[in-house]
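Below is one structure, written out as structure tokens; the observations come after it.
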Amino acid sequence: TTKFNIGAREVYYPELTKGAISIIPEYNGALLTTSVDKTSTATSTDDVNAALKAKLPSTAEILNASAAQDKDSITVTQANAAKYHLTSISDLSSVAKTWVIGGPSEFQTRADGIVGLKKVYGLTFKSFSPLDESGPITLSALQSGKVQAADVFTTTPQIITDKLVSLSDPKNMFAAQNVLPLVYKKAASAKVVSTLNSVSAKLTTAGLLAMDKSLSIDHKSYTEVASTWLSQNGLK
């Protein structure tokens, strides 16, 4: 059976650990710091997964993490990425002082925001523009040139439609948010494990982004989008 719209992690996590829910797709970083170990400072995929395996209650386990991540990113237009040869956050060192960066208001004071950009990457921007959370205001500001860089989630469909570029984060300022299955151990048969791991092995951020576009921009059904992805990846 499937249950949708079951609420926040605070609701479903305890249900999974006692077996009322067998499997739920999760983001490893958010799972770790909100429910499993709120004091953890792990940021890389390997470190986050190791921390989860060490701290999860004995009734639950994570299966293999996919490469797909839905996380914050510093995003620029394709035109600026090409003009200034930008592929990673580190590359912004040559332009940051003349650029305005945008994001939700809390981005200005977060350790994984303006503070982290200075501490981790040594970047000081000309100014900060408070916008929305990876929404239409932020995307419009990027497109119009009001800001030259912005905090945008890596699965925001407009990355494709607006021709945006999410810069890589080689120093892991933004904690990993890999998609992975969280399972109740007693429900995790060999078939369940092998099936879910085969999906995780194929799922990438680009694939997740394309599926999000199909759903929210092209208005396709979840069933159609998932079925197409499975066929394209030899899993159907």
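The values are calculated or read from the model by the stated rules, or taken from the named source; none is laboratory data. All values derive from a computational prediction rather than experimental measurement. Note that each Cβ is placed from the backbone with ideal geometry, even for glycine, and that neighbours are counted across all protein chains shown. Only protein heavy atoms, including side chains, enter the accessible area calculation; ligands, DNA and RNA are left aside. Shrake-Rupley method; radii C 1.70, N 1.55, O 1.52, S 1.80 Å.
Pairs are defined by a Cβ separation below 8 Å, a sequence spacing of at least 6 or placement on different chains, a first member in segment 90-113 that is in a helix (DSSP H, G or I), and a second member that is charged (D, E, K, R) and open to solvent by 80 Å² or more (accessible area, probe 1.4 Å); the pairs so defined are Ser90/Lys171; Ala96/Lys126; Lys97/Lys126; Thr98/Lys126.
Looking across segment 15-29, the residues that are open to solvent by less than 60 Å² (accessible area, probe 1.4 Å) and either out of contact with any helix residue (DSSP H, G or I) (no Cβ under 7 Å at 6 or more places or on another chain) or acidic (Asp, Glu) (or both) come down to Leu16, Thr17, Ala20, Glu26.
This table checks each residue for (1) open to solvent by 70 Å² or more (accessible area, probe 1.4 Å); (2) at pLDDT 95 or above.
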{"position": "Ala50", "(1), (2)": "no, yes"}
{"position": "Lys55", "(1), (2)": "yes, yes"}
{"position": "Ser58", "(1), (2)": "yes, yes"}
{"position": "Glu61", "(1), (2)": "no, yes"}
{"position": "Ser73", "(1), (2)": "no, yes"}
{"position": "Thr77", "(1), (2)": "no, yes"}
{"position": "Asp112", "(1), (2)": "no, no"}
{"position": "Pro130", "(1), (2)": "yes, yes"}
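Among residues of segment 12-27 being within 21 Å of the chain's Cα centre (by Cα) and among the hydrophobic types (A, V, I, L, M, F, W, C), the one that is nearest to Ala190 (Cα to Cα) is Ile23.
Restricting Leu167, Leu123, Leu142 to residues that are out of contact with any helix residue (DSSP H, G or I) (no Cβ under 6 Å at 6 or more places or on another chain) and either β-branched (Val, Ile, Thr) or open to solvent by less than 20 Å² (accessible area, probe 1.4 Å) (or both) narrows the list to Leu142. Scan segment 191-205 for residues that are farther than 15 Å from Ser231 by Cα and either at pLDDT below 95 or open to solvent by less than 50 Å² (accessible area, probe 1.4 Å) (or both) and the total you get is 5.
Please indicate, with yes or no, whether at least one residue in segment 63-70 is under 20 Å from the mean Cα position of the chain (by Cα), of a type in the set (A, V, I, L, M, F, W, C), under 28 Å from Ile23 (Cβ atoms) and outside any loop (DSSP other than H, G, I, E, B). Reasoning before the result, please.
Restricting attention to segment 63-70, the residues satisfying the condition of being under 20 Å from the mean Cα position of the chain (by Cα) are 63-70.
Now restrict to residues that are of a type in the set (A, V, I, L, M, F, W, C): 63, 65, 67-68.
So of that shortlist, the ones also under 28 Å from Ile23 (Cβ atoms) come out as 63, 65, 67-68.
Restricting the remaining residues to those that are outside any loop (DSSP other than H, G, I, E, B) gives none.
No, the conditions are met nowhere in segment 63-70.
The residue pairs whose first member lies in segment 117-134 and is within 11 Å of Asp151 (Cβ to Cβ), whose second member is open to solvent by 60 Å² or more (accessible area, probe 1.4 Å) and part of a strand (DSSP E or B), and whose beta carbons are closer than 7 Å, counting only pairs six or more residues apart or on different chains, are Ser134/Phe153. Checked against the criteria, Phe153 counts as open to solvent by 50 Å² or more (accessible area, probe 1.4 Å), within 29 Å of Asp132 (Cβ to Cβ) and under 15 Å from the mean Cα position of the chain (by Cα). Residues that are modelled with pLDDT of 95 or more, more than 30 Å from Thr41 (Cα to Cα) and assigned to a helix (DSSP H, G or I) are absent from segment 146-154 altogether.
Can you pull out the residues in segment 199-231 that are closer than 20 Å to Thr154 by Cβ and of a type in the set (S, T, N, Q)? The answer is Ser200, Thr204, Thr205, Ser214, Ser216. For segment 177-185, the criterion of being closer than 17 Å to Pro25 by Cα and assigned to a helix (DSSP H, G or I) is met by at least one residue.
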